[in-house]
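S.K.: First the structure, then my questions, so here it is.
Derivation of every value follows stated rules applied to the coordinates shown; laboratory data play no part. As the structure is a computational prediction, the values presented were derived from the model and not from experiment.
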Amino acid sequence: MKNSSPLISKYPGLKLNIGKYGLLLALILLCTTLAIITPKFLTWPNLMIIVTQVTINALLAFGVTYVIITGGIDLSLGSIVAVTSVVTASFAHPDTYSLVVPLGLGLLVGMAFGAFNGLVITKGKVPPFIVTLGTMTIGRGLALIMSNGRPISNLSDSFNYIGGGQLFGIPVPIVILAVVFIICTLLLKKTIMGRYVYAVGGNEQAARASGISVNKVKMFVYTLGGGLAALAGIILTSRISTGQPNVGIGFELSAIAAAIIGGTSTSGGVGSITGTLLGALLIGVISNSLDLLNVTSYYQLVVMGLIIISAVLLDSLNKNKAN
C-alpha cells in the first residue's frame, strides 16, 4: 500500500517525527500565532506567569501519568491538594514550627492518601475509578472538617517564599517543577521501576508471569501521585498565602487532560513525562491566551472539555490504526 502523501513517501521518517514532535510543533505554532495577535503574550512577565501557573497542573499530571501508564486512574488529586493545603497551613504560622514540619506533614498526608488508594485497589480488587472517587469525597470532607470550612491564614514568610519567592530571578515554583521533571523522567526512563510501570500497563498478566510484583508497582505509582499532589498543594498554599479547604476542585481533570494530550494512552503502557509537560504547557498557554483576549472563564471550561475529548479521540484512532 502506497502512502497517501508524496512527502511521506519521499521521507518515510517524517511520519514518525510528526507523531513524536507534533505536540511541540502545535505548541510553537500556537505561541507564534498568539504573539502576532496579542503583543503582551511573549513578554517575559507573562511567560513567567504562564509557567508558574502551569506548575500546579504539571506536578499533578506527572503523578497521574505514572498511574495511567499502569492502566489506572486517580480522581482524588484535587482533594489531596485541599487536605494538604489545610494541614500545611495549620502548621505554618509564624514563630511556631520549623518549616520542615508543615512541609513534611503535607507530603506525608498526600503519600498516605496515595498509598491508601493503592492498597484498596490492589488488595481489595476494587476498580481505581471507584476507589479514587471515594477518596476524592473523603479528602474534601476531611479538609472541611479540619478547617471548620474556613480559610487558614497568617502563614510565615519562609513558607510563603516557596510559592512567591525567586531563585536567581526565576520563581521558586518553576525551579521546583524543573527538578521534579528531571527526577520523574529519569525514574520512568532509566530505572527498573520505570520499566516495570510500562510492563504492567502493557500487559498486566504477562508482567505478573515474568515475576514482576504488580501490586508493588501499583502501590508505588499511587503513592507517588499522592506525594506529587501534596507538593502541588504546598506550592499553591504558599502562593495564595492561605490554606483553603475548597481549593483543587477539578484539578484532577486538568491533570488527566495534560497527560492524555501529552500522549499517555488511556489503555496503559504508553506515556512520557516530557509529553505530559508539553500537554500542561499547551493547556496553560490556551488558558492564558483566553485571558489576554478577555474570554470569560465559562468558555474556558468548554474549551477544556473539547480538548479532553479530542485527545481521547486521537488516542482511540491511533490504537485502531495500530490494530
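S.K.: What is the Cα convex hull volume of the range 79-215 when expressed per residue in Å³?
M.R.: On the way: hull volume 18.8 nm³, N = 137.
Considering the Cα atoms of the range 79-215, their hull volume per residue is 137 Å³.
S.K.: What value does the range 75-124 have for Rg/Rh, both radii from Cα atoms and Rh as Kirkwood defines it?
M.R.: On the way: Rg = 12.9 Å, Rh = 11.7 Å.
Reported Rg/Rh, Kirkwood definition of Rh: 1.10.
S.K.: For the chain, count the residues as N, evaluate 2.2 N^0.38 Å, and divide the Cα radius of gyration by that value, please.
M.R.: Cα Rg divided by the expected 2.2 N^0.38 Å: 1.03.
S.K.: Which residues' amide hydrogens lie under 5 Å from the amide hydrogen of Gly243, considering only partners 5 or more residues apart or on another chain, with H built in the peptide plane?
M.R.: Ile152, Ser153
S.K.: Follow-up. Rounded to the nearest whole Å³, what is the per residue volume of the convex hull around the Cα atoms of the range 44-137?
M.R.: Per-residue hull volume (Cα only) is 120 Å³.
S.K.: Still on this structure: Sum -39500 (n - 2.57) across every DSSP H segment of at least 4 residues in the chain, then divide by the residue count to get the 222 nm mean residue ellipticity, nearest 500.
M.R.: Working: 14 runs with 242 residues, N = 323.
Result for the chain: -25000 deg cm²/dmol, rounded to the nearest 500.
S.K.: Ok, one more. Which of the aspartates and glutamates could be linked to Lys40 by a straight reach, that is with a Cα gap under 14 Å, when you skip same-chain ones fewer than 8 residues away?
M.R.: Cα-Cα hits under 14 Å: Asp291.
S.K.: For the chain, which DSSP H helices look membrane-span-like by this rule: Cα extent along the axis of 18 Å or more and mean Kyte-Doolittle of at least 1.6?
M.R.: Helices meeting the criterion: 13-37, 44-69, 77-90, 100-123, 172-190.
S.K.: Same structure, new question: For the range 181-278, treating each Cα as an identical point scatterer without solvent, what Debye log10 I(q)/I(0) comes out at q = 0.10, 0.14, 0.18 1/Å?
M.R.: Normalising to I(0) and taking log10 leaves -0.33, -0.62, -0.94.
S.K.: Using amide H atoms built in the peptide plane, which far-off residues or other-chain residues are under 5 Å from Gln166 H to H?
M.R.: Val172
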